[in-house]
1. Regarding region 14-36, can at least one residue be identified that is open to solvent by 10 Å² or more (accessible area, probe 1.4 Å), closer than 29 Å to D175 by Cα, in contact (Cβ under 8 Å) with a residue 24 or more places away in the chain and assigned to a loop (DSSP other than H, G, I, E, B)?
2. Out of all the residues in region 38-59, is one or more in a loop (DSSP other than H, G, I, E, B) and hydroxyl-bearing (S, T, Y)?
3. When you go through A164, A171, A159 one by one, which is the residue that is crowded, with 17+ Cβ neighbours inside 10 Å, more than 17 Å from the chain's Cα centre (by Cα) and outside any loop (DSSP other than H, G, I, E, B)?
4. Among the residues that make up region 136-144, is at least one of them on the phi > 0 side of the Ramachandran plot, modelled with pLDDT of 95 or more and more than 17 Å from the chain's Cα centre (by Cα)?
5. A65 versus (1) touching a Gly at 6+ places or on another chain (Cβ under 9 Å); (2) within 21 Å of N194 (Cβ to Cβ); (3) not β-branched (V, I, T): which is the lone unmet condition?
6. Hey, does region 130-142 have a residue that's part of a loop (DSSP other than H, G, I, E, B) and open to solvent by 20 Å² or more (accessible area, probe 1.4 Å)?
7. Report the residue count in region 103-129 for those that are within 20 Å of T69 (Cα to Cα), part of a strand (DSSP E or B) and of a type outside the set (A, V, I, L, M).
8. Can you find a residue that is aromatic (F, W, Y) and modelled with pLDDT of 95 or more anywhere in region 87-101?
Amino acid sequence: MATVQDLLRLLQEAPQFVQNLLTESRASVPWLAANPSAPLDHICLRVGSADEYPLFKQSLETLGAVLLTEHPVGGRPIATYKLSEEYAIHVEDPLWPGDGGEFGNVPKVRSIRVLELPSPKPGRFYATGWEHVEVAVGGVISGVDLGEVVRGAVAMSDAERDAAALVCLNAFSGDALNAGVVYDVSAMSKGGFNIDLRFSGKGWAVKFHWIPLEKVIGIETKKV
């Protein structure tokens, strides 16, 4: 079952999951350790069965989360929610400088409010729990404020956005700090401007993409 209490327990566990992920991933991915200003823009919660998926959706909405989008990917739906401020995930991180905005304006405390909820693919099993976080690297790679990168993306054509995302991730993977780091590049071939590179550890993964998922959704739905 997936009750509101189950979701509350997972939300309470989320900061420790992210702290452990940051500690372990920084040890393996020097770029991440060297660029603590890159925001963690969303977190992914896996569910163990297709039956749990609508129950977790209902629980999120009971806690005031707002559905940003839901669409089919790979034969199953994926929903993305924005958590209410009351249930935002706050993560202590001594390297986080604070960004004056939505990802944690207090130094040393990151904030994550966007949650991705995929239903399992047919025939696949996942343990219910936190799976990965994603890092928006567009600002750091371009050397400008991430908000400016997003504003530029809004003004682009679809083809220009796709190209810009590819250029960004190619620059990221080609950075000297990533020499010797082996990323899963399978999502680079899916097309669009939300392509990503993935690095997996034991019980966690971190993905790197161009701009925050909420902004991707806003552009796709013409809401930004």
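1. Yes, the conditions are met somewhere in region 14-36.
2. At the first step, the residues of region 38-59 found to be in a loop (DSSP other than H, G, I, E, B) are 38-39, 47-51.
From what is left, the residues that are hydroxyl-bearing (S, T, Y) are 49.
Scanning region 38-59, I find at least one residue that is in a loop (DSSP other than H, G, I, E, B) and hydroxyl-bearing (S, T, Y), so the answer is yes.
3. Values: A171 fails: crowded, with 17+ Cβ neighbours inside 10 Å; A159 fails: crowded, with 17+ Cβ neighbours inside 10 Å.
Criteria check complete, one pass: A164.
4. Narrowing region 136-144 to residues on the phi > 0 side of the Ramachandran plot: 143.
With the extra rule that they be modelled with pLDDT of 95 or more, the set shrinks to 143.
This time we only want the ones that are more than 17 Å from the chain's Cα centre (by Cα), so: 143.
Yes: one or more hits.
5. For A65, the exception is condition (1).
6. No: zero hits.
7. Number satisfying all stated conditions: 2.
8. As a first pass, look at region 87-101 and keep what is aromatic (F, W, Y): 87, 96.
Those left that are additionally modelled with pLDDT of 95 or more: 87, 96.
Yes, region 87-101 contains a residue that is aromatic (F, W, Y) and modelled with pLDDT of 95 or more.
The values are calculated or read from the model by the stated rules, or taken from the named source; none is laboratory data. What you see is a predicted model, and the numbers here were worked out from it, not measured in a lab. When we count neighbours, we look across all protein chains shown, and the Cβ atoms used for this are built from the backbone with ideal geometry, even at glycine. Side chains are part of the model used for accessible areas, which takes the heavy atoms of the whole protein and leaves out ligands, DNA and RNA. Shrake-Rupley method; radii C 1.70, N 1.55, O 1.52, S 1.80 Å.
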